[in-house]
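The values are calculated or read from the model by the stated rules, or taken from the named source; none is laboratory data. Just so you know, these numbers come straight off a predicted model, no measurement behind them. Every residue, glycine among them, receives a Cβ derived from its backbone with ideal geometry; neighbour counts consider all protein chains shown. SASA here: full protein model, heavy atoms, side chains in, ligands and nucleic acids out. Shrake-Rupley method; radii C 1.70, N 1.55, O 1.52, S 1.80 Å.
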Amino acid sequence: EPFVADEYIERLAWRTPGGGSRGGEAFDPKRLLEEFVNHIQELQVMDERIQRKVEKLEQQCQKEAKEFAKKVQELQKSNQVAFQHFQELDEHISYVATKVCHLGDQLEGVNTPRQRAVEAQKLMKYFNEFLDGELKSDVFTNSEKIKEAADIIQKLHLIAQELPFDSLMDFCYLLSSPGKYHDLECQLIQEFTSAQRRGEISRMREVAAVLLHFKGYSHCVDVYIKQCQEGAFLRNDVFEDAAILCQRVNKQVGEVFSNPETVLAKLIQNIFEVKLQSYVKDQLEEHRKSDAEQYLKNLYDLYTRTTNLSSKLMEFNLGTDKQTFLSKLIKSIFISYLENYIEVEIGYLKSRSAMILQRFYDSKNHQKRSIGTGGIQDLKERIRQRTNLPLGPSIDTHGETFLSQEVVVNLLQETKQAFERCHRLSDPSDLPKNAFRIFSMLVEFLCTEHIDYALETGLAGIPSSDSKNANLYFLDVVHQANTIFHLFDKQFNDHLMPLISSSPKLSECLQKKKDIIEQMEVKLDMGIDTLNCMIGQMKHILAAEQKKTDFKPEDENNVLIQYTNACVKVCGYVRKQVEKIRNSMDGKNVDTVLMELGVRFHRLIYEHLQQYSYSCMGGMLAICDVAEYRKCAKDFKIALVLQLFDTLHALCNLLVVAPDNLKQVCSGEQLANLDKNILHSFVQLRVDYRSARLARHFS
């Protein structure tokens, strides 16, 4: 532990009697001083002893250091001598090695021609045996030496091809089919087949290496491919079986053949051209002419599964351009089906969409009719609605909108599937064009044949403004058409746009969509005449419920009602229609229609009030009615409409104000900017207008 002087002194004082560190002892400084002096002397003696020991050790260390340095110098001299000997030995070894290499080159120069001569002699011996027609050598008779025999036969076959045909025709015949060359080749292939069945990879690799130089090497590969597929396609899923087979062969083929990528590519080609093509043909030809729906589903499914299989096979080594190789294989299978795919798609989509619509109309017991939208019929309809002249009866739809979300969902689902098939099955160059054709089918059957027809029928079913208790179903048509078009627009963005976003067809599709929207907006604008019917209903209510005595009661002092019964019913009707309009439309269309209805509603009430004469209490009741109409106008949430009813309410004050205050009221904030004739027309409605006093004050 480190030495701490304070602690050391403290321990020394604690051990000394009278040191004062122990509790209860008297402090004796003399004894403590004496103890310190003695201890200091002991420490000095100890210091001298230790110092002598240190000096002795230092001397010993210096002596050993000198001896060690001397020993190192001796070792360095020995090392230098050994290094010199090593250099001499290395030079001697290099000299000997040079001599050995030179001798080896000389021996090789002599031995190589000798070996060639020996091999040539053996080949000549075997050559003579073939010429004699008797194969006596052990290499030809011993089946275990088939590898050596194959090497010899191969060399003799090469020699035979270079010899003149006329001179050695017999020899060439022996080496040709059905000669020894092909006999041995068949034996090797048979040996390879047996080894493959036994699962002997090393023997397969050995035989394949021998056959590599024979003409029948390709036949060996064919045999391997054929045997690999035995028992591989036992399940119903031929694509999964093919993937598993290729995965298994990919691990094995590299251990057997020197060119594994070529063998694996040939196996895949065989699977595609035999197994898959046969399977695809069986699945598609069954429904090609009889069931277009099932045919398209099968075509999409088979093509998708084939491309998925191709993606899995891309993991294997199939050569340099495996993408092109696999694409050609897929094309060879489906080329005859993809050439006319879009025609089948459009034909099916057309018939299917027509069937969905017809089934809907049949369920409604409705026979689709041709409803004109222009010319004389349109002119008659507009004149009838504008003038209330019954030029012809409107179509009674019995409350049916002829729109169905189920139909729309079915049409959109069919089109969605068509877009998916189009994306998968179309050539990239034809994809935008094909997608546009499918979109045109959707426009024709959903927008034209369904939505547009419902709008036309709804327009034709709008009752005239003088009809009593007319049901305004056109707003229901508008509501459903608006919902349906949102679904149509969603499919346009989600499924069509990705297919045409980078092609010239994009602008064409956007323009077609814009034309559809504009066409429907025109129909909806024509449907604004529904407001005439609403105003007509209000007129009927006012005519039936409003009495002249409401505003000129017989007993001025006994009026108990806050507003008239006609006002209550009109306000209730208006609130229902406002709510219906809000539910049927969205966006700016709501404000536009409500503003138009609000202005017409104000005009109706204004003209209605002009038909009566008002007593003092009758004028108060009219003010109460207008106040209630103004509350109703607040539901419109249109500033202009509320302003009109505020002004009308101010005008009604002229019916009750004292004659002396007429000028003051007319110059008020709300009435100051109105034409004097309008003010005068309201003052004239007072019962007391003809009194000289009132006429004089107003003039």
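Quick notes on this one:
- Scope the range 637-655; condition buried (at least 23 other Cβ atoms within 10 Å of the Cβ) and under 60 Å from the mean Cα position of the chain (by Cα); matching residues: 641, 645
- In the range 415-448, residue least open to solvent (accessible area, probe 1.4 Å) [restricted to those that are of a type in the set (Ser, Thr, Tyr) and closer than 25 Å to residue 328 by Cβ]: 426
- Restricting the range 267-302 to residues that are hydroxyl-bearing (Ser, Thr, Tyr) and over 23 Å from residue 229 (Cβ atoms), the residue that is farthest from the chain's Cα centre (by Cα): 290
- Residue in the range 524-538 that is open to solvent by 60 Å² or more (accessible area, probe 1.4 Å), touching a residue at least 24 places away in the same chain (Cβ under 8 Å) and closer than 23 Å to residue 652 by Cβ present: no
- Every condition in (1) open to solvent by less than 40 Å² (accessible area, probe 1.4 Å); (2) at pLDDT below 80; (3) of a type in the set (Asp, Glu) holds for residue 321 except the one numbered (1).
- The range 290-301 residues that are without any contact (Cβ under 8 Å) to a residue 12 or more places away in the chain, paired with ones that are part of a helix (DSSP H, G or I) (beta carbon under 6 Å, 6 or more apart): none
- Among the candidates 418, 454, 354, 435, residue that is closer than 27 Å to residue 486 by Cβ, aliphatic (A, V, I, L, M), modelled with pLDDT of 80 or more and over 34 Å from the mean Cα position of the chain (by Cα): 454
- Pairs with Cβ under 7 Å, 6+ apart, first in the range 557-572 and closer than 18 Å to residue 652 by Cα and surrounded by fewer than 16 Cβ atoms within 10 Å (Cβ to Cβ), second modelled with pLDDT of 90 or more and among the hydroxyl-bearing types (Ser, Thr, Tyr): none
- Which listed residue is part of a helix (DSSP H, G or I), open to solvent by 20 Å² or more (accessible area, probe 1.4 Å), out of contact with any Ser or Thr (no Cβ under 6 Å at 6 or more places or on another chain) and of a type in the set (D, E, K, R), from 288, 359: 359
- The one condition in (1) open to solvent by 30 Å² or more (accessible area, probe 1.4 Å); (2) assigned to a helix (DSSP H, G or I) that residue 605 fails to fulfil: (1)
- Of all the criteria given as (1) open to solvent by 10 Å² or more (accessible area, probe 1.4 Å); (2) modelled with pLDDT of 85 or more, the one not satisfied by residue 626 is (1).
- Filtered residue count, the range 511-520, keeping only those that are open to solvent by 80 Å² or more (accessible area, probe 1.4 Å) and out of contact with any helix residue (DSSP H, G or I) (no Cβ under 8 Å at 6 or more places or on another chain): 3
- Test: residue 517 is of a type in the set (Val, Ile, Thr), modelled with pLDDT of 85 or more and either outside the structural domain of residue 629 (by the TED database) or within 34 Å of the chain's Cα centre (by Cα) (or both): yes
- Of all residues in the range 236-253, those satisfying the criterion of being crowded, with 16+ Cβ neighbours inside 10 Å and not aliphatic (A, V, I, L, M) are 239, 241, 246, 250, 252.
- Restricting attention to the range 457-467, the residues that are at pLDDT 75 or above and either in contact with a helix residue (DSSP H, G or I) (Cβ under 7 Å, 6 or more places away or on another chain) or among the β-branched types (Val, Ile, Thr) (or both) add up to 3.
- Verdict on residue 480 being outside the structural domain of residue 685 (by the TED database), crowded, with 19+ Cβ neighbours inside 10 Å, within 16 Å of residue 452 (Cβ to Cβ) and of a type outside the set (Lys, Arg): yes
- From the list 233, 214, 165, the lone residue that is open to solvent by 10 Å² or more (accessible area, probe 1.4 Å), assigned to a loop (DSSP other than H, G, I, E, B), modelled with pLDDT of 65 or more and of a type in the set (A, V, I, L, M, F, W, C) is 233.
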